[in-house]
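J.: Let me give you the structure first, and then I'll get to my questions.
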Amino acid sequence: MEDLGCSAAGLPGPEAAVPAVPAAPSLVDRYFTRWYKADVKGKPCEDHCVLQHSNRICVITLAGSHPVLQSGKTIQSISYQISTNCSRLQNKVSGKFKRGAQFLTELAPLCKIHCSDGEEYTISSCIRGRLMEVNENILHRPSLLQEKPSTEGYIAVVLPKFEESKSITEGLLTQQQYEEVVVKRNNAAATP
């Protein structure tokens, strides 16, 4: 009997090549388009990400190059208290027309992140729309922000006006444009 490169049980022998299975795209990559805002409010490297779903809902997260996500940073606390009179936790949305939702501009602050090294970062909306919800889980587990920034560690969910849903991405960067910005930034930092 000739050897076909298989073991007695009909399974491939050790010398048989097993084809590589391509990794399935993540839930975020499958259903959302990533948009980026680099150097928010002129602060270097403070980049935010907007995950836009086809139903126009947007999820605000930190971009991978944000200082909070860099190694060595420890989040001490997160606060949705924007000013003495404004807390994003007081946002109460109800009904079909989303009554009670706070309206946000592109530069509206969503939360403040306080790190153990004394640094404070203000996370902005980056888009105009109604605040649907904030992620209260990160108040109790700030590490979610660093461990799973695009999923469980999101900052907030914003719903743009229907008539503005196509134009909200003006001024935001595509994934490729953002990667080019990060490469240029890294090259500039590497050269003396």
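The values are calculated or read from the model by the stated rules, or taken from the named source; none is laboratory data. In this text the structure is predicted, and so the values were computed from the model without any measurement. No Cβ is skipped: glycine too gets one built from the backbone with ideal geometry, and neighbour counts run over all protein chains shown. Note: areas computed on protein heavy atoms with side chains; ligands, DNA, RNA excluded. Shrake-Rupley method; radii C 1.70, N 1.55, O 1.52, S 1.80 Å.
J.: Round to a whole number: what % of the accessible area of the chain belongs to carbon and sulfur, probe 1.4 Å? Let's see the in-between values first.
T.: On the way: 6230 of 11580 Å².
Of the solvent-accessible surface of the chain, carbon and sulfur hold 54 percent.
J.: Continuing with the same structure: I'm a student and want to see the number: the projected area of the Cα convex hull of the chain, averaged over all directions, in nm².
T.: On the way: hull surface 72.1 nm².
The directionally averaged projection comes out at 18.0 nm².
J.: Given the pairs 43/92; 43/161; 41/166, which are separated by over 25 angstrom at their Cα positions?
T.: Numbers: 43/92 31 Å; 43/161 28 Å; 41/166 23 Å.
Cα-Cα > 25 Å for 43/92; 43/161; rest within.
J.: For residue 184, list the aspartates and glutamates whose Cα falls under 19 Å from its own Cα; do not include residues on the same chain fewer than 8 positions away.
T.: 39, 46, 47
J.: Residue-wise, which Karplus ³J(HN,Hα) couplings in Hz belong to the range 125-141, taking 6.51 cos²θ - 1.76 cosθ + 1.60, θ = phi - 60°, and x for glycine or proline?
T.: Working through the residues one at a time gives 5, 6, 9, 8, x, 9, 6, 7, 6, 10, 8, 6, 4, 6, 5, 8, 10 Hz.
J.: Show me, for the range 185-191, the HN-Hα J-couplings you get by feeding each phi into the Karplus relation (A = 6.51, B = -1.76, C = 1.60, θ = phi - 60°), rounded to Hz, glycine and proline as x.
T.: These are the phi-based 3J(HN,Hα) values: 5, 5, 5, 5, 6, 7, 8 Hz.
J.: Between residue 55 and residue 140, with labels modelled 7 Å along Cα→Cβ, what's the label distance in nm to one decimal, could you check?
T.: My value for the distance between the label points is 2.5 nm.
J.: Okay, next question. Charges only on Cβ, +1 for Lys and Arg, -1 for Asp and Glu: so what's the dipole of the chain about the Cα centre, in debye to the nearest 20?
T.: Values: 21 positive and 20 negative charges, 255 e Å.
That gives a dipole near 1220 debye.
J.: Using a basic spin-label model with each label point 7 Å from the Cα along Cα→Cβ, how many nm lie between residue 74 and residue 161?
T.: In this crude label model, residue 74 to residue 161 measures out at 4.6 nm.
J.: At 222 nm, what value in deg cm²/dmol follows for the chain if DSSP H runs of at least 4 each add -39500 (n - 2.57) and the sum is divided by all its residues, to the nearest 500?
T.: Numbers: 4 runs with 30 residues, N = 192.
Here the helix-only value at 222 nm equals -4000 deg cm²/dmol.
J.: Can I ask one more? Using a Gaussian network model on the chain with a 10 Å cutoff between Cα atoms, which of 170, 133, 120 fluctuates the most?
T.: 170
J.: Right, another one. Quick one: if you stick a label point 7 Å off each Cα along the C-beta vector at residue 23 and residue 43, how many nm between them?
T.: Each label point lies 7 Å from its Cα, and together they span 3.0 nm.
J.: Name the residues whose placed amide hydrogens come within less than 5 Å of the amide hydrogen of residue 63, ignoring near sequence neighbours (fewer than 5 apart) on the same chain.
T.: Correct list: 47, 48, 49.
J.: Below 8 Å, C-alpha to C-alpha, sequence gap of six or more: please give me the relative contact order for the chain in percent. Walk me through the numbers on the way to the answer.
T.: Details: 319 pairs, mean separation 39.0, N = 192.
Reported as a whole number, the value is 20 percent.
J.: Something else now. Using modelled backbone amide H atoms (1.01 Å from N, in-plane), which distant-in-sequence or interchain residues come within less than 5 Å of residue 110's amide H?
T.: Result for residue 110 returns 123, 124, 125.
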